[in-house]
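The values are calculated or read from the model by the stated rules, or taken from the named source; none is laboratory data. Every value quoted in this text rests on a predicted model; they were computed, and no experiment measured them. Using ideal geometry, Cβ is built from the backbone for each residue, glycine included, and neighbour counts are taken over all protein chains shown.
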Amino acid sequence: MEQITELSYALDTFYFLVTGALVMWMAAGFAMLESGLVRAKNTAEILTKNVALYAIACIMYMIMGYDIMYPAEAVSRWWPGISFLLGGDNSLEDVLASGGDIYYSGMADFFFQVVFVATAMSIVSGAVAERMKLWSFFIFCIFMTGFIYPMQGYWKWGGGFLDANGFLDFAGSGVVHLCGASAALAGVLLLGARKGKYGPNGEVQPIPGANMPLATLGTFILWLGWFGFNGGSELIISNVAEANNVTLVFVNTNMAAAGGVVAAMIVARLLFGKTDLTMALNGALAGLVAITAEPLTPTPLLATIIGAIGGVLVVFSIITLDKLKIDDPVGAISVHGVVGMWGLIAVVLSNGDATLGAQLMGLVTIFLWTFVASFIVWLVIKAVMGLRVSEEEEYEGVDLAECGLEAYPEFTGSKGSGI
Amino acid sequence: MEQITELSYALDTFYFLVTGALVMWMAAGFAMLESGLVRAKNTAEILTKNVALYAIACIMYMIMGYDIMYPAEAVSRWWPGISFLLGGDNSLEDVLASGGDIYYSGMADFFFQVVFVATAMSIVSGAVAERMKLWSFFIFCIFMTGFIYPMQGYWKWGGGFLDANGFLDFAGSGVVHLCGASAALAGVLLLGARKGKYGPNGEVQPIPGANMPLATLGTFILWLGWFGFNGGSELIISNVAEANNVTLVFVNTNMAAAGGVVAAMIVARLLFGKTDLTMALNGALAGLVAITAEPLTPTPLLATIIGAIGGVLVVFSIITLDKLKIDDPVGAISVHGVVGMWGLIAVVLSNGDATLGAQLMGLVTIFLWTFVASFIVWLVIKAVMGLRVSEEEEYEGVDLAECGLEAYPEFTGSKGSGI
Amino acid sequence: MEQITELSYALDTFYFLVTGALVMWMAAGFAMLESGLVRAKNTAEILTKNVALYAIACIMYMIMGYDIMYPAEAVSRWWPGISFLLGGDNSLEDVLASGGDIYYSGMADFFFQVVFVATAMSIVSGAVAERMKLWSFFIFCIFMTGFIYPMQGYWKWGGGFLDANGFLDFAGSGVVHLCGASAALAGVLLLGARKGKYGPNGEVQPIPGANMPLATLGTFILWLGWFGFNGGSELIISNVAEANNVTLVFVNTNMAAAGGVVAAMIVARLLFGKTDLTMALNGALAGLVAITAEPLTPTPLLATIIGAIGGVLVVFSIITLDKLKIDDPVGAISVHGVVGMWGLIAVVLSNGDATLGAQLMGLVTIFLWTFVASFIVWLVIKAVMGLRVSEEEEYEGVDLAECGLEAYPEFTGSKGSGI
């Protein structure tokens, strides 16, 4: 009997570690996606950002973020408490005495959560690509992962007021994706568009990404990682009902992405006459974001449709943002923000416990909090150290300016060929 | 006792999800492999094909393929029935009452199977690269994943006549790899060779792939994914004997690939005087395909040898197909078709239940069915919308013609450099 | 009761297979890292080396390495016995009769160990890049993976004299990483620096890598794989205490890498005025190597610090080796050797069972054995077939000389453009 409890604890913990490792892998996905969608001269810098933001996110979340988001004792449903630095794990006695309430390693919960923070932050890095100062980005990263993200995370997943008021967000269309996109939007508005992106007469100049295989690889990595992202968010697998649930989450996650690809591809073909690869990739990601708020209650057919609607939305959103001269080189605000909102609303389609009111309340709260808090932080950074590289540095590429090296020194013919 | 049953169910289901996720990851492997082996100007299109075929395969297999392949009630061993759209999962009562017969989530079986279909279809995309119309490929994909693949899958894994007659194919050297290669061959024959591949006097013009690191990455991804492909095909892991079996499958899969690399590398060195990387990669894949029909009964040493023979075969097969002017840019027909046949035959080396007759019956059936059915579908598509892009489009690259963008706009010097 | 034992065996075996698969994935990581850090003209060759060394390592370790490292009956603690070729697995009877001593598949242990050998060998390939003859490398690989590595592995993990004398090395900062780096150093000293790397007046000429996204991808792959590398080295997960342990290992591994990134990035910025991406990547790897000798006893905060010190060390080590004109194109000797030593010493910071004396004894033993044995093997190879390609081949690139193809035929403008 005790052995069964122990074995069950081990299985659930292992399930957490495997799914958490898959989410960590998403960091590589964002790095590849974003480095594929920027120009060659800005590639090393965005790679640096992606490696560094993951590292900073892990450290900040360990030092304070996790305690804010999941406080041992909260002050109120609006304001968490600060408990203590990451300590020991569950004792065998506590596990056995808990009657099943303590069913996996507490440290495994930290591992799973910490990789989520990095995901939210990765969303920002793409939107501000090709023109932001590297260390300004790092400073923002500290505030975002140590405070802004954990606060709104507490309101939902930590048991705060959004949770108490019936807002539903299974794996984070809102808490992770909309949050990241809102912070990105604030940064983009303060940062301005890349030079040459919008002509004097309002025309939009396409700036093609330098490396499509990387962008595609990144999308596949994210797709794979999302099985961990959504699949691990069920938090338990060790009995028949839960194993079935986790499985359904895997299937629905996969089908939503498939629906997103097909829908975005058809829309792009109808609009542009060409089957634009980047739209197919954004369609996949949109399908994934759309299903993230509720991957458990839809049938696979409905999941496909929810994903497909996400795929349609993302194409029109990207076009619209460009009309508004909001310059997002990788489409992150559309994929994670606009479609994140759709995901939150789509919960009402299949989950009887969801209400449109509660979903909208969550949506607005997450957006407003993150946007305003981020805007203030960006603004202070701008005042103190500046947000944007110089025009000359932007022209030359941020790789040389910020990293002192080139991503592809032999391919673009600009320098260092052939040494 | 019931708890043990539940826990066991959970472990087997989790094992299915993990191995299924690894197979899904193979879609990324094929995308990278194929995009590395084509020319830069045709890269975005093959990436689009790979993302889209995975999405289409998932949707078609959900809507009808799975029901054909694993019908609730079959009409006969030649013809499956159509049951119903993907429904609910096993209830706890049914699991407990089954006495161990129902030991994992039915939906997890769907998840595992659906990623296999995509694998079969990925084989086709490489062989027809650099000259096929994108949407003609998509149409074929619908038929292949919704009907052609599931039918022959039913004959073996669904309990059809091949299974009843003693044909053995553990994880699909035949059902997946030979099937994919047969469909590819039909397409290639109708499509013709790429312009310039074969000179007027029969000389073969090498057309080198644009990006060897991608091809290598793709091979490593496939190698990793194959642990899921073969390892998951044992279908159960929850007791000592089965855990040992799954482990042996992992080890043999790995050793066969290793044998394939070394053998192909030596043969290439002897034939060409150079250690051709693409042959080493094809050797790895050949080893993997060769062991797929029976990764459980050989010793690791025999598995290495079976893989090595696959590695030798693939080099000669690639040379031979070129002599026959069958233009397969990535060697897919050799790797998956020729070596798939070897894999089916090699079953008799270690599995006492196998007979050469039954293996050949399966081999011929799968090849004939898939080739003929595919040929007809390709032929109809050719008549209705055409298979091949125009000469000018082929010269310019299918990326611009079909996708309206370039995979590497700054590297090849043709366009858009430096914006 | 027996069912619980069986289920527990299955879970531990599955845990081994999953973590082993992650370690296998590190082979792809090294391939991408190294191919990103060399010049375009030497890329296909290093890819070939990485695929081939993995295959050779698997075969040699199966044929003899595993038996040396984990002999059924050892001759002494200095000299193992040779037992027999890889045979069957544990019987159910033995498992049940063992009272928990036999708790996972013996073949799974082989699978886990075999991927470690390949890791050690991968370290060598990077350091000797861009100038070594391919088949000379292969010959060395045979001796390294079949004998040199297994001998010192036996001394620690096989129960030899290092283990008996209290030397601690959880997952191989010494047995794997320092070992690989020591073999690399011997090779590099005999091989000499690349042409043009060090000027006549002692100045160091930077030779930038051709593809930073690949190097970054490789680092992320290694980071992910390291969860398997360290996480699997706990060897058991099936009860509460062990599940907690494995989790802590995952968390500490992640935090050490994060600490390494941030520290290396700051040091690079201070030293060079630029945020050098390659230093950030080396910082991540240094953090991972540093924590590998003891990822279980530190708190996550201490793990972060241990990793950060590794990140500082690696930057200074790379600079110092260049001053000593030891030419290591990818920094492998610094990352795995210098930081591997730091990892071994850092064990005393958190593990009360460790003594500085025992750690230094292990460190010196592993280094001396591997360096001397490797030096002799390299020397013999040099005498018999030569180590280094001709000057002309080096100038032209080893890709054409050794592999007969180019990694990027269309990007560098040298040949074959546009066919």
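All conditions in (1) at the interface with another protein chain (Cβ under 10 Å from one of its Cβ atoms); (2) at pLDDT below 95; (3) assigned to a helix (DSSP H, G or I) hold for B:L47, with the sole exception of (2). Of note, C:L248 satisfies the criterion of being in contact (Cβ under 8 Å) with a residue 24 or more places away in the chain, in contact with an Asp or Glu (Cβ under 8 Å, 6 or more places away or on another chain), assigned to a helix (DSSP H, G or I) and more than 28 Å from A:G209 (Cβ to Cβ).
For the stretch C:286-320, a residue qualifies if it is β-branched (V, I, T) and either facing chain A (nearest Cβ under 10 Å) or on the phi > 0 side of the Ramachandran plot (or both), and the qualifying residues are C:T299, C:T304.
Taking the stretch B:1-43 as the range and being at the interface with chain A (Cβ under 9 Å from one of its Cβ atoms) and more than 21 Å from the chain's Cα centre (by Cα) as the test, the residues that pass are B:Q3, B:I4, B:T5, B:E6, B:L7, B:Y9, B:A10, B:L11, B:D12, B:T13, B:F14. Scanning the stretch C:55-89 for residues that are surrounded by 17 or more Cβ atoms within 10 Å (Cβ to Cβ), part of a loop (DSSP other than H, G, I, E, B) and in contact (Cβ under 8 Å) with a residue 40 or more places away in the chain gives C:Y70, C:P71, C:A74, C:P80.
Within the stretch A:247-277, can you find the residues that are among the hydroxyl-bearing types (S, T, Y) and within 7 Å of chain B (Cβ to nearest Cβ)? A:T247, A:T275 - these are the residues of the stretch A:247-277 that are among the hydroxyl-bearing types (S, T, Y) and within 7 Å of chain B (Cβ to nearest Cβ). Just one of the listed residues (B:L344, B:L349) is in contact (Cβ under 8 Å) with a residue 12 or more places away in the chain and touching a Phe, Trp or Tyr at 6+ places or on another chain (Cβ under 9 Å), and it is B:L344. Can we say A:N211 is touching a residue at least 40 places away in the same chain (Cβ under 8 Å) and within 27 Å of A:P329 (Cα to Cα)? The answer is yes for A:N211. The set of residues in the stretch B:283-299 being assigned to a helix (DSSP H, G or I) and either touching a residue at least 40 places away in the same chain (Cβ under 8 Å) or basic (K, R) (or both) consists of B:A284, B:L285, B:A286, B:L288, B:V289, B:A290, B:I291, B:T292. One residue stands out in the stretch A:300-331 among those that are in contact (Cβ under 8 Å) with a residue 12 or more places away in the chain and not in a helix (DSSP H, G or I): the one that is surrounded by the fewest Cβ atoms within 10 Å (Cβ to Cβ), namely A:K325.
With respect to (1) touching a residue at least 60 places away in the same chain (Cβ under 8 Å); (2) among the charged types (D, E, K, R); (3) in a helix (DSSP H, G or I); (4) farther than 23 Å from B:A120 by Cα, the lone exception for B:R269 is condition (1). Among the residues of the stretch C:34-68, those that are among the β-branched types (V, I, T) and closer than 11 Å to C:C141 by Cβ comprise C:I56, C:I59.
Considering each residue of the stretch C:376-399 in turn, at least one proves to be more than 30 Å from B:P208 (Cα to Cα), within 22 Å of the chain's Cα centre (by Cα) and surrounded by 17 or more Cβ atoms within 10 Å (Cβ to Cβ). In summary, B:I4 fulfils each of the numbered conditions (1) farther than 25 Å from A:T253 by Cα; (2) surrounded by fewer than 24 Cβ atoms within 10 Å (Cβ to Cβ); (3) touching a Leu at 6+ places or on another chain (Cβ under 9 Å); (4) in contact (Cβ under 8 Å) with a residue 24 or more places away in the chain with the single exception of condition (4). Restricting attention to the stretch C:232-241 and to residues that are more than 7 Å from every other protein chain (Cβ to nearest Cβ) and in contact with a helix residue (DSSP H, G or I) (Cβ under 7 Å, 6 or more places away or on another chain), the residue that is surrounded by the fewest Cβ atoms within 10 Å (Cβ to Cβ) turns out to be C:I236.
Within the span defined as the stretch C:110-118, one or more residues are within 30 Å of C:K325 (Cα to Cα), facing chain B (nearest Cβ under 10 Å) and surrounded by 24 or more Cβ atoms within 10 Å (Cβ to Cβ). Of all the numbered requirements in (1) of a type outside the set (S, T, Y); (2) out of contact with any helix residue (DSSP H, G or I) (no Cβ under 7 Å at 6 or more places or on another chain); (3) more than 9 Å from chain C (Cβ to nearest Cβ), A:G65 misses one, and that requirement is (2). Of the residues making up the stretch A:142-155, none is surrounded by fewer than 24 Cβ atoms within 10 Å (Cβ to Cβ), farther than 26 Å from C:T299 by Cα and not hydrophobic (A, V, I, L, M, F, W, C).
Listed by position, the helices (runs of 4 or more DSSP H) enclosed by the stretch B:332-419 that each have at least 3 residues that are closer than 22 Å to B:C141 by Cβ are B:356-384.
With the condition kept exactly as written, say whether any residue in the stretch C:195-202 is touching an Asp or Glu at 6+ places or on another chain (Cβ under 6 Å) and surrounded by fewer than 24 Cβ atoms within 10 Å (Cβ to Cβ). For the stretch C:195-202, residues touching an Asp or Glu at 6+ places or on another chain (Cβ under 6 Å) and surrounded by fewer than 24 Cβ atoms within 10 Å (Cβ to Cβ): present. As a summary of the residue check, B:G153 satisfies the conditions (1) over 14 Å from the mean Cα position of the chain (by Cα); (2) in a helix (DSSP H, G or I); (3) not hydrophobic (A, V, I, L, M, F, W, C) except for the one numbered (1).
Quick check, is C:L214 of a type in the set (A, V, I, L, M, F, W, C), buried (at least 23 other Cβ atoms within 10 Å of the Cβ) and under 19 Å from A:E410 (Cα atoms)? Yes, satisfied.
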